[in-house]
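One structure below.
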Amino acid sequence: MDPKSLRDLLDKYYQGETSLEEEASLRSYFQQNQAPAEFGADQDWFRMIAAQRAQQPQLSADFTARLNAKIQQPRPLWPRKAKPQTWILRIAAAVLLALSVWFLYPDWQAVSPEPTAAIDWSKYEPATVEEAYHITRKALLHTSVELNRGTGMAAQEMEHFGEMGKMFK
């Protein structure tokens with residue numbers, strides 16, 4: 001086989017457009033050690049494929065017959081029924097669970113939450129707009145003071161981290 005037709009056939013092979021006869025001719029050509037040096041990688045490829053085919057396990061002659069017999073075996077329409085003992089154990093477990101819940105919470109219907117005293121919120125409501133303004137201003141001032149105090153504490157902790165970092169340098 002000349003290199004030009006061999007290259008065309010290999011291109012066709014790698015594109016998946018060869019027929020079975022063309023693939024067989026490529027396999028036989030590369031098995032004969034007649035390939036030019038430029039086709040060494042292709043020859044290695046076809047030899048690897050041949051080696052893998054030789055290593056594949058062969059199925060026994062009666063494999064297909066045994067497989068078809070297994071496939072065509074009649075299957076039961078209903079799943080196999082469980083043994084009666086398992087049903088008895090399941091029922092006993094359900095009854096035991098129900099009784100344990102019953103005895104752990106004997107007065108489950110009689111339990112009611114204790115009444116709590118109602119809070120009369122109307123006496124805490126501001127009477128005038130100015131009073132509401134002063135209450136809101138006081139609350140915001142308190143919030144600001146607490147946030148500033150927290151910021152100061154965070155800054156002090158960051159200074160401690162800076163001192164700890166100097167120890168590791």
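The numbers here are math on the coordinates, done by the rules we state, and not lab data. Since the structure is predicted, the reported quantities are computational estimates derived from the model, not experimental observations. Methodologically, a virtual Cβ is constructed for each residue, glycine included, from the backbone with ideal geometry; neighbour enumeration extends over all protein chains shown.
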Check: In what sequence do 134, 160 fall when counting other Cβ within 10 Å, fewest first?
Finding: 160, 134
Margin query: Quick check: pseudo-label points 7 Å beyond the Cα along Cα→Cβ at residue 65 and residue 151, how many nm apart are they?
Written below: 9.3
Next item on the list: In nm, give the distance between the simple-model label positions of residue 92 and residue 4, each being 7 Å from the Cα along the Cα-to-Cβ direction.
Entry: 9.0
Item checked: Globularity ratio of segment 125-167, using Cα Rg and 2.2 N^0.38 Å -> 2.00
Next item on the list: Restrict the search to segment 1-106; then list the trypsin sites (Lys or Arg not before Pro) that DSSP places in a loop and that have at most 10 other Cβ atoms within 10 Å of their Cβ.
Entry: 80, 81
Next item on the list: Determine, from the Cβ-Cβ distance of residue 47 and residue 72 and an R0 of 35 Å, the FRET efficiency 1/(1 + (r/R0)^6), rounded to the nearest 0.05.
Entry: 0.25
Note to self: Please give the Cα centre distance for segment 1-44 versus segment 117-158, rounded to the nearest Å.
What the structure shows: 88
Next item on the list: Select from 115, 32, 63 the residue farthest towards the positive end of the dipole of the chain; place +1 on Cβ of Lys and Arg, -1 on Cβ of Asp and Glu, and compute about the Cα centre.
Entry: 63
Check: Can you give the three extents of the C-alpha atoms in the chain along their principal axes, from longest to shortest, in whole Å?
Finding: 108, 72, 44
Next item on the list: Treat each spin label as a single point 7 Å out from the Cα along the C-beta direction, and report the residue 13 to residue 142 distance in nm.
Entry: 8.9
Note to self: If I model segment 3-57 as equal point scatterers sitting on the Cα atoms and use the Debye formula, what is log10 I(q)/I(0) at q = 0.16, 0.26, 0.27, 0.30 Å⁻¹?
What the structure shows: -0.47, -1.15, -1.21, -1.37
Check: Tell me, what ³J(HN,Hα) does each residue in segment 148-165 have, in order and in whole Hz, if you take phi through Karplus 6.51 cos²θ - 1.76 cosθ + 1.60 with θ = phi - 60° and put x for Gly and Pro?
Finding: 5, 5, x, 5, x, 5, 5, 5, 5, 5, 5, 5, 5, 5, x, 5, 5, x
Margin query: Can you show me the helix-derived [θ] at 222 nm for the chain, built from DSSP H runs with n ≥ 4 at -39,500 (n - 2.57) apiece and divided by the number of residues, rounded to the nearest 500.
Written below: -22000 deg cm²/dmol
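Size of the dipole of the chain about the Cα centre, Lys and Arg at +1 and Asp and Glu at -1 on the beta carbon, nothing else charged, in debye to 20?
Rounded to the nearest 20 debye, it is 1160 debye.
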Next item on the list: Return the long-range amide H neighbours of residue 18 (sequence gap of 5 or more, or a different chain), with a cut-off of under 5 Å between placed amide H atoms.
Entry: none
